[in-house]
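Notes for the one structure printed next.
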Amino acid sequence: MKKLSVFLAIMFFCVATVFGSDLTAQQILEKVDNNFLAENHVSVSLMIIKGRRGTRTIKAKSWTQGVDKAFTEYLAPAREKGTKMLKLKDELWIWAPEADRVIRIAGHMLRQSVMGSDASYEDFMEDPRLTNIYKASLAEADTFAGRPCYVLKLTAKKEGLSYYSRKLWVDKERFLPLKEERYAKSGKLLKIIKITEVFKTGKRWYPKRMFYKDALKSGKGTEFVIESIKFNVKIPPYLFTKSSLRR
Amino acid sequence: MMKFLIKGLLRDKTRSLAYILVVAVGAFLTVFLFSWMQGVMSDIVAANAKFDTGHVKITTRAYADESEQMPIDLSLLGVSKIMQQLQTKYSNMIWVPRIRFGGLIDVPDKTGNTRIQGPAMALAVQLLDPNAPDRKILNLDKALVSGHLPLHRNEILISSDFANKLGLHIGNMVTYIGSTMYGSMSIYNFTVAGTVRFGIIALDRRAVITDIGDARLVLDMPDGASEILGFSKDMQYNDEAMRSLAKAFNAAFSKKGDEFSPKMAALSENHGLKEYLDLADSYGGMFVFVFVLIMSMVLWNSGLINGIRRYGEIGVRLAMGETKGSVYRWMIFESVVTGIIGSIIGTALGLAISYYMQVKGIDVSSMLPNSTMMMSNVMRARVTPTSYYIGFIPGLAASVLGTMFAGVGIYKRQTANLFKELEV
């Protein structure tokens, strides 16, 4: 009987772990953070912007270190080629070859869209570690694209965030937020993000293709496609300095 | 009888002076207020036409729907072809392409770092061609405060107040930071060629004027324009003609299913300007009505008092055999004479003050520091042909009406009692 009890307890633990039913909202959010964030990574991505006048594709290479440092260089099309962006903590700098000036993006400029996409500079400036800035609570489980999901409701821990609340559909097995809705304090829906294709790299699952839609903007949304990504590679420290923008 | 009445008017000042003064004041106010409102309204309409709407404006259908937000992503493309068609088909009009866009002007310090930034409202017009019509329409030569009009690419004009705020001088380099028509970040350097002042708060606060060729490059908008403005060659706005032109153009070129097909709108169809035009038209009638009403009541009252004062005179005239109708008619005739004299004095005074205000005006810039309306800082009156006669309408009408109401008492006099009344 004792053996049976131990067996049942072990079985329950295994089942609970597999289906994640014992996880709290905060633990699920931590898993999402851990899945997304790495010590550093270098990626080449495409931004396919579906505007009212047609589709444009922008290619960029990004170097990211932790949550505070990121450097992006635009590779295509010709008009954007050579434009560079540097994020250092809560500061964002941009350099355009035509003007040869390093300009800090601040204030209302942060709300502008990045290269005409449905993402704003603010989206890139927020702390990507969601557990740092949001309180999570669990809602009734759901499925998205045929995959069982936890539904998390996030509420801002502090004032001044771009999005007061978010709703995440987190894949129960891969801990990827397959769908996300971002809301203003008034409850107005501001952004919808969907992961439409994923890939496995090492032990983590990562989005290959994401769809971003600014709910307040006309147009058919923006697709982000990761062409390649390498985690935990060595990035030279000089890259995260303002002088590297002009190189 | 005429001689008797004129002598009466000249010798009995209470019979004429009060009437003439009331009529003169009413006529003066009518003429001055009418001319003032004409001036203010026509200034608003002219400023809007020159800087914003033209006499007609062509945009894409999508742009027209969101024009308040200046959505450059919805601008017209293939503008050369449209301009060619317009110049051939509507050669009696002046056509100018323009781009209206916003952004930041960033001023660097000696090391190239940002010293100061300010939000700019940019207007791109054909600047480099010395014969371009927009140089005249926008009165750029007169508006120039310092420096010169742009002669080369990447040269801009900046409003004098904005330049002072940013500490800019002629020849300084500034960086424009904004978005292309596709939403990408756009960063370009310009040189300040000159400073301008248009005398319109909304423009002078943060205007930047650039050549349309430069703007097309900055905004990634080859052969594009956010709008094409049309002006009649005499620069006089004729609402009916412009509305029918817009209707004909839209029937020929605008396609309902295509949000990027061109759409023309007359000045009065933009930003509620129809209400302004209607208001300007109705002001004359409103002033006449109000002053006729007020002055009639005042003159009616004066007539009643006068009737009591002239009780004896009217009684004697009736006793001598003059009919009540005749007395009544002659009193009206008297009021016509005083009305004309009062109207002439009031109109002359009203015209004189209106002319003065047409030349000098009143500077209201300190009262409207944050105005976004396209209107001149200096409000002026405008004397029109109507100003010369509008004062006579309330002047005469009120005078005659007042006397007619007051004079009704004559018909209530009992001839049988006259001698008894006159015994005193």
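FYI, it's all coordinate maths here, none of it is from the lab. No experiment lies behind these values; they were computed from the predicted model shown. With ideal geometry, Cβ positions are generated from the backbone for all residues, glycine too; neighbour counts draw on all protein chains shown.
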Notebook entry, point to check: Farthest toward the dipole's positive end in chain B, which of B:S326, B:P222, B:F405, given Cβ charges of +1 (Lys, Arg) and -1 (Asp, Glu) about the Cα centre?
Noted result: B:S326
Notebook entry, point to check: What per residue convex hull volume, in Å³, do the alpha-carbon atoms of region A:25-246 yield?
Noted result: 125
Checklist line | Reference-scaled alpha-carbon Rg (2.2 N^0.38 Å with N residues) for region A:128-223 | finding: 1.10
Note to self: Based only on other Cβ atoms within 10 Å, what is the fewest-to-most ordering of B:L401, B:L104, B:L229?
What the structure shows: B:L104, B:L401, B:L229
Next item on the list: Report the FRET efficiency, 1/(1 + (r/R0)^6), for B:S365 and B:K136, where r is their Cβ-Cβ distance and R0 is 22 Å, rounded to 0.05.
Entry: 0.30
Next item on the list: Indicate the helices, whole DSSP H runs only, in chain B that combine a mean Kyte-Doolittle hydropathy of -1.0 or more with a Cα extent along their long axis of 20 angstrom or more.
Entry: B:13-48, B:239-253, B:273-309, B:324-359, B:392-407
Item checked: Residues B:F405, B:F392 arranged by fewest to most Cβ contacts within 10 Å -> B:F405, B:F392
Checklist line | Relative contact order for chain B, counting Cα pairs under 8 Å that sit 6 or more residues apart, in percent | finding: 28
Check: Taking the inverse of the average 1/r across all pairs of different Cα atoms in the protein assembly as shown, what Kirkwood radius in Å do you get?
Finding: 31.3
Check: Tell me, what is a quarter of the convex hull surface for the C-alpha atoms of region A:164-216, in nm² with one decimal?
Finding: 3.8
Next item on the list: Could you tally the net charge around B:T323, taking each other residue with its Cβ under 15 Å from the Cβ of B:T323, Lys/Arg +1 and Asp/Glu -1?
Entry: +4
Note to self: Pick from B:S282, B:S387, B:S159 the residue whose mean-square fluctuation is largest in a GNM of chain B, springs joining Cα atoms under 10 Å.
What the structure shows: B:S282
Note to self: Using alpha carbons only, how many angstrom separate the centre of region A:171-247 from the centre of region B:42-84?
What the structure shows: 38
Margin query: Output the 0 to 90 degree angle, nearest 10, between the alpha-carbon long axis of helix A:2-19 and the longest principal axis computed from the alpha carbons of chain A.
Written below: 20
Notebook entry, point to check: Taking every eigenvalue of the Cα gyration tensor of region B:56-236, multiplying by 5 and rooting it, what semi-axes result, largest first, whole Å?
Noted result: 27, 19, 14
Check: Residue by residue through region B:61-77, which ³J(HN,Hα) values in whole Hz follow from phi under the Karplus form 6.51 cos²θ - 1.76 cosθ + 1.60 (θ = phi - 60°), with glycine and proline marked x?
Finding: 4, 5, 5, 4, 5, 10, 4, 4, 8, 6, x, 5, 5, 9, 5, 6, 10
Next item on the list: Can you tell me the dipole magnitude for the protein assembly as shown around its Cα centre, using point charges on the Cβ only (Lys, Arg +1; Asp, Glu -1), in Debye to the nearest 20?
Entry: 1080
Check: In whole Å, what is the distance between the alpha-carbon centres of region B:325-404 and region A:49-69?
Finding: 66
Notebook entry, point to check: Given Cα pairs under 8 Å that are at least 6 residues apart, what percent is the relative contact order of region B:111-184?
Noted result: 23
Check: Between the helical axis of A:25-36 and the dominant principal axis of chain A, each derived from Cα atoms, what acute angle in degrees is found, rounded to the nearest 10?
Finding: 50
Check: Within the P(r) computed for chain B, what percentage of the Cα pairs occupies the region above 37 Å?
Finding: 45
Item checked: Fewest-first sequence of B:K360, B:K3, A:K87, A:K242 by Cβ atoms within 10 Å of each Cβ -> B:K3, B:K360, A:K242, A:K87
